[in-house]
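These notes concern the structure reproduced below.
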Amino acid sequence: MKKKLVLASILAGALTVATACSNSSETTSSEDTKEKTEATETKAKEEKSTESKSLDKPSSSKEEKNNKESETTVMNPEIKKTLASAKLEVIYENKTPNINVDLDGFKFDLEQYQVVHVTDANPADFGEQEEGYIVTVKANVDNQSKGNAYFTLPDLQGQDQFDRHLTKRSFTNENMLRPKMKSTVDEPAHYKKDETETGLFEYILTKEEYEKLQNANTKLLIPNAASNKEQTEHLGESQTVDFPLSESNAKTQETSRSEFYKDNIVNNNVADKELLKANEEINQTQKSSKVDVTLDGIQFVKLSPTESYKNEFTSFDGEDVVAATVKLTIKNNTNAEIPLRQFSTFLATDKVQFLDQGTLSADSGEIKPGQTGDKYLVYLMKGKSDYEATNNFKFRITHITDGNGDDLLDKEMSFNVPK
């Protein structure tokens, strides 16, 4: 038991996107010499005129030729304008990201995003490098909350929570997503009630950074909005969503999304999962006056911690680390919203009981009256000594507390959980 508590404490401290050419042959009539002569003279005049015009207009540069194809593909015109001498190539694009977040009426929706590979750039324009990557995101906000909404743009998360990339504004000065009002020292810029805006934001990555990210389970960290400038009165809950930056990354994340429960092991890239066993159709419901709790299922997975978290999984005596994730559906039977943060639970065998790892658990946020929400609870155990030693577990919920610390359960709930 001491081992489990120590790990929970450690983790709690560590976790905090044709030129149309005429090929028609020039035909001239050969009916008589006069027509040939006239055609020749006309052609000569046209060539002279073209030559004269070309003297007035700069000749096409190599860079302009390189950018010709990009005129119809790079969605941010500022990139082409600012990096006119560089070669631009769209290497990944997602036109249907399906990222739509409602933060208590403040709506944040991603329309599309793309990754542009920049080469032959002026080092002064690109962080003293001639090559890099620009991730451009097009999004819109619609403030349908009850008043003002203060909102900061999302961060990009790479291999884990310690690998974060902030938004930049090198190539989005003209089209940046932001409120209409200007920010002042006394009053930070915010979206007024019923204000809607559409715009761009971006992440600028070095070659080395992108090479690491293109195969990582990249995420977008969408913060909550706030109704006051101190941002102490939250609108909604922060969310972590998949944000692949390459085709291979997109396929990997799609597989993970369909196979594994969305706990914070997945959300925060704490470890890779290998499914050992799943019982996802338990569907047992127990009721109390304030909440109904349905145990939907359980997944057992072997964990391979990512590089930054390897040292947090050292108390397992050389055995495989197994995580059991329990999925619950909670129905709110009260007249007020209730959070899904404060749970006291255990997963037990005949020999040992495991505490849930709060930093690895996840939920869908506050539940409105009469609505339901999801809760994912995570328990860590040794592969051979704990997981393989039994086929039956008991899942217990002793408390679920609301925002005021009051218990929402009439009595303890207990479920039998066959492996």
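For LYS310, indicate whether it is over 23 Å from PHE260 (Cβ atoms) and open to solvent by 10 Å² or more (accessible area, probe 1.4 Å).
no
Kindly indicate whether any position in region 145-158 is open to solvent by 60 Å² or more (accessible area, probe 1.4 Å) and more than 27 Å from GLU230 (Cα to Cα).
Scanning region 145-158, I find no residue that is open to solvent by 60 Å² or more (accessible area, probe 1.4 Å) and more than 27 Å from GLU230 (Cα to Cα), so the answer is no.
Checking the structure you have, find out if any residue of region 113-124 is in contact with a helix residue (DSSP H, G or I) (Cβ under 9 Å, 6 or more places away or on another chain) and among the aromatic types (Phe, Trp, Tyr).
no
Which residue is least open to solvent (accessible area, probe 1.4 Å), if the candidates are limited to region 97-118 and must be over 12 Å from VAL137 (Cα atoms) and polar (S, T, N, Q)?
ASN100
Condition (residue is of a type in the set (Phe, Trp, Tyr), open to solvent by less than 80 Å² (accessible area, probe 1.4 Å), farther than 22 Å from TYR150 by Cβ and touching a Ser or Thr at 6+ places or on another chain (Cβ under 7 Å)) applied to region 161-178: is it met by at least one residue?
Yes, region 161-178 contains at least one residue that is of a type in the set (Phe, Trp, Tyr), open to solvent by less than 80 Å² (accessible area, probe 1.4 Å), farther than 22 Å from TYR150 by Cβ and touching a Ser or Thr at 6+ places or on another chain (Cβ under 7 Å).
In region 179-194, what residues are at pLDDT 90 or above and open to solvent by 20 Å² or more (accessible area, probe 1.4 Å)? It would help to see each step written out before you state the result.
Residues of region 179-194 that are at pLDDT 90 or above, as a first pass: 179-184, 187-194.
Those that are at pLDDT 90 or above and open to solvent by 20 Å² or more (accessible area, probe 1.4 Å): PRO179, LYS180, MET181, LYS182, SER183, THR184, GLU187, PRO188, ALA189, LYS192, LYS193, ASP194.
Could you list all residues from region 316-353 that are small (Gly, Ala, Ser) and either in a loop (DSSP other than H, G, I, E, B) or within 24 Å of the chain's Cα centre (by Cα) (or both)? First the steps, then the outcome.
Step one: filter region 316-353 for residues small (Gly, Ala, Ser), giving 318, 323-324, 336, 344, 348.
Scanning region 316-353 gives GLY318, ALA323, ALA336.
In region 249-299, how many residues are β-branched (Val, Ile, Thr) and touching an Asp or Glu at 6+ places or on another chain (Cβ under 8 Å)?
Result for region 249-299: 4.
For LEU276, state whether it is closer than 30 Å to ASN404 by Cα and modelled with pLDDT of 95 or more. Full working, then the answer.
Values: closer than 30 Å to ASN404 by Cα: no; modelled with pLDDT of 95 or more: yes.
In short, no.
The values are calculated or read from the model by the stated rules, or taken from the named source; none is laboratory data. Keep in mind it's a predicted model, so treat the numbers as computed, not measured. We place every Cβ from the backbone using ideal geometry, glycine too, and count neighbours over all the protein chains shown. Protein only, heavy atoms only, side chains kept; ligands, DNA and RNA dropped before computing areas. Shrake-Rupley method; radii C 1.70, N 1.55, O 1.52, S 1.80 Å.
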